[in-house]
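What follows is one structure encoded as structure tokens, with my remarks underneath.
The values are calculated or read from the model by the stated rules, or taken from the named source; none is laboratory data. Please read these numbers as outputs of a predicted model, since none were measured by experiment. Reconstructed Cβ throughout: ideal geometry from the backbone, glycine too, with neighbour counts over all protein chains shown.
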Amino acid sequence: MVAFWWSLSIFRELLQTVASTAKRSQRLVPVPLWFAPKLALYLAMREQGISNSELARRLGVHERVVRRMLDPAHPTKAEKIQSALTVLGKQMTVDVRDAALVEPLGA
């Protein structure tokens, strides 16, 4: 249980960093590859005002499954997150760029 709350606090901290940076300077903030789909799902849910329970209903799964999809400490298959994003009208893609074009964090 401690690991879950710890991971949620990291999730919230990263979200605040992404959201506040995007609003002020409109810069993209790189996040770890494993974390990006979970963050995208959370942001899509927040943008549309969709609760965990509502997304679970739309997916035909228990609310606990959605909670696990959003938990950074829980490994979730990309296909599950893609299904959830599709239900929200989103599509998950991977973008690979030249390293020279990506600014390091904190720059």
Return the pair list, or none, for Cβ contacts closer than 9 Å from residues in segment 29-51 that are basic (Lys, Arg) to residues that are outside any loop (DSSP other than H, G, I, E, B), at least 6 apart or on different chains. Lys38/Phe11; Lys38/Met69; Lys38/Leu70; Lys38/Ile81; Arg46/Leu15
For segment 59-88, which residues satisfy the criterion of being at pLDDT 95 or above and in a loop (DSSP other than H, G, I, E, B)? Gly60, Val61, His62, Leu88
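Within segment 6-16, is even one residue modelled with pLDDT under 85, part of a helix (DSSP H, G or I), under 21 Å from Asp95 (Cα atoms) and not aliphatic (A, V, I, L, M)? Break it down into steps so the answer makes sense when it comes.
First, the residues of segment 6-16 that are modelled with pLDDT under 85: 6-16.
Checking which are part of a helix (DSSP H, G or I) leaves us with 6-16.
Subset that is under 21 Å from Asp95 (Cα atoms): 14-15.
Within this subset, residues satisfying the condition of being not aliphatic (A, V, I, L, M) are none.
No, segment 6-16 contains no residue that is modelled with pLDDT under 85, part of a helix (DSSP H, G or I), under 21 Å from Asp95 (Cα atoms) and not aliphatic (A, V, I, L, M).
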Look through segment 89-107, keep the residues that are under 30 Å from Arg64 (Cα atoms) and aliphatic (A, V, I, L, M), and return whichever of them is modelled with the lowest pLDDT. Val94
Is it true that Leu43 is crowded, with 17+ Cβ neighbours inside 10 Å, assigned to a helix (DSSP H, G or I) and among the aliphatic types (A, V, I, L, M)? no
